[in-house]
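Engineer: Sending over a structure as structure tokens; questions will come in a sec.
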Amino acid sequence: MIEVDTDPPARVDGRAARAERTRAAIVEAHLALIDAGDLRPTGERIAERAGVSLRTLWTNFKDMETLFAATGRRIGERQAAIWRPVAPGLPLATRIAEFTGQRARMLEVLAPSARASALREPFSPQLRRNREAAIARVRQEIEAVFGAELAHAGPGRGQLLDASTVACTWAAWSMMRDAMGLDVEAARAAMARTLTALLTTGAR
């Protein structure tokens, strides 16, 4: 009988699991600092919050760009946890109400990180990629939920999609929440009014 030593794989699996927990703790610490208002947390503060050494932080993330990528994925997971599909067969008014209510919730989840990203995005290719990915997801959802209205726009479909996307992304939300001081419901209502105007006048 040949004996098989299972200890080395187990040790490898254990190390991998510990490394994954450490990476997750660092990402959560990064987000916790941002959520608490520290919009430009340093590596030292992130490591302290995560309960790891600075060396451990940079062993797991070679630079801030890789940390930004992991943090962006975690924010996406947070948003995915509250996302629910909006049935495209519902009446337009119902779809707009459900869609904008959901967008409001997701944008509020994004808000602290979006404000932090705005400070560093001009110098960070990864943060720009994170933003581009977020816009692409919104665009795809608009196409899924409001496909009939976009189709009715004929040659103006692309322009209608662009305008609808602008109305539902962080830049517009930040304008309403931060610059204009609207509360969540008022901002959601303004988004809904904009979408209603666009989608009901965009048909040929």
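The values are calculated or read from the model by the stated rules, or taken from the named source; none is laboratory data. Computed from a prediction, not measured in an experiment: that's the story for all the values here. In this analysis, Cβ positions are derived from the backbone assuming ideal geometry, glycine residues included, and neighbour counts consider all displayed protein chains. To get the accessible areas, we keep the full protein, side chains included, count just its heavy atoms, and leave off ligands, DNA and RNA. Shrake-Rupley method; radii C 1.70, N 1.55, O 1.52, S 1.80 Å.
Engineer: What pairs come up if the first residue lies in the range 96-123 and is farther than 18 Å from Gly181 by Cβ and touching a residue at least 40 places away in the same chain (Cβ under 8 Å), the second is part of a helix (DSSP H, G or I) and open to solvent by 30 Å² or more (accessible area, probe 1.4 Å), and their beta carbons are under 6 Å apart, counting only those six or more places apart or on different chains?
Structural biologist: Listed by first residue and then by second, the contacts come to Ile96/Thr196; Thr100/Arg188.
Engineer: For the range 70-89, which residues satisfy the criterion of being aliphatic (A, V, I, L, M), at pLDDT 95 or above and crowded, with 16+ Cβ neighbours inside 10 Å?
Structural biologist: Ala70, Val86
Engineer: Kindly establish whether Thr94 is in contact with a Ser or Thr (Cβ under 7 Å, 6 or more places away or on another chain) and open to solvent by 40 Å² or more (accessible area, probe 1.4 Å).
Structural biologist: no
Engineer: I want to confirm something. Restricting to the range 6-34 and keeping residues that are small (Gly, Ala, Ser) and under 30 Å from the mean Cα position of the chain (by Cα), which single residue is modelled with the lowest pLDDT? Can you show your working first?
Structural biologist: Residues of the range 6-34 small (Gly, Ala, Ser): 10, 14, 16-17, 19, 24-25, 29, 32.
In the following step, the residues that additionally are under 30 Å from the mean Cα position of the chain (by Cα) were identified as 16-17, 19, 24-25, 29, 32.
Working: Ala16: 85, Ala17: 88, Ala19: 90, Ala24: 96, Ala25: 97, Ala29: 97, Ala32: 97.
Ranking the qualifying residues of the range 6-34, first place goes to Ala16.
Engineer: Next question. Report, ordered by the first and then the second residue, all pairs with beta carbons closer than 9 Å, sequence separation of six or more or different chains, a first member in the range 13-36 that is open to solvent by 70 Å² or more (accessible area, probe 1.4 Å), and a second member that is of a type in the set (Ser, Thr, Tyr) and in a helix (DSSP H, G or I).
Structural biologist: Asp35/Ser113
Engineer: Let me ask something else about it. Could you look through the range 145-204, keep only residues that are β-branched (Val, Ile, Thr) and not in a loop (DSSP other than H, G, I, E, B), and pick out the one that is nearest to Arg95 (Cα to Cα)?
Structural biologist: Step by step, filter the range 145-204, then rank; the result is Val145.
Engineer: Hey, among the residues in the range 121-146 that are more than 16 Å from Ala70 (Cβ to Cβ) and open to solvent by less than 40 Å² (accessible area, probe 1.4 Å), which one's farthest from the chain's Cα centre (by Cα)?
Structural biologist: Of everything passing the filter in the range 121-146, Phe146 is farthest from the chain's Cα centre (by Cα).
Engineer: Still on this structure: It is to be established whether one or more residues within the range 109-120 are more than 13 Å from the chain's Cα centre (by Cα) and under 22 Å from Leu198 (Cα atoms).
Structural biologist: Within the range 109-120, none of the residues are more than 13 Å from the chain's Cα centre (by Cα) and under 22 Å from Leu198 (Cα atoms).
Engineer: Which pairs have Cβ atoms under 9 Å, sit 6 or more apart or on different chains, and link a residue in the range 176-192 that is surrounded by fewer than 19 Cβ atoms within 10 Å (Cβ to Cβ) to one that is in a loop (DSSP other than H, G, I, E, B) and not β-branched (Val, Ile, Thr)?
Structural biologist: Close Cβ pairs (under 9 Å, with a partner that is in a loop (DSSP other than H, G, I, E, B) and not β-branched (Val, Ile, Thr)) amount to Ala186/Met180; Ala189/Leu182; Ala190/Met180; Ala190/Leu182.
Engineer: Then there's this: From (1) modelled with pLDDT of 95 or more; (2) exposed (fewer than 13 other Cβ atoms within 10 Å of the Cβ), pick out the condition that doesn't hold for Met1.
Structural biologist: Only one criterion is unmet by Met1, namely (1).
Engineer: Somewhere in the range 156-165, is a residue of a type in the set (D, E, K, R) and modelled with pLDDT of 95 or more?
Structural biologist: Taking every residue of the range 156-165 in turn, at least one turns out to be of a type in the set (D, E, K, R) and modelled with pLDDT of 95 or more.
Engineer: On to the next question. Tally up the residues in the range 37-69 that are loosely packed, with under 15 Cβ neighbours inside 10 Å, more than 27 Å from Ala133 (Cβ to Cβ) and among the polar types (S, T, N, Q), please.
Structural biologist: Result for the range 37-69: 1.
Engineer: List pairs: first residue in the range 73-85 and among the basic types (Lys, Arg), second residue open to solvent by 70 Å² or more (accessible area, probe 1.4 Å) anywhere in the structure, Cβ distance under 9 angstrom, at least six positions apart or on different chains.
Structural biologist: Cβ pairs passing all conditions: Arg84/Glu98.
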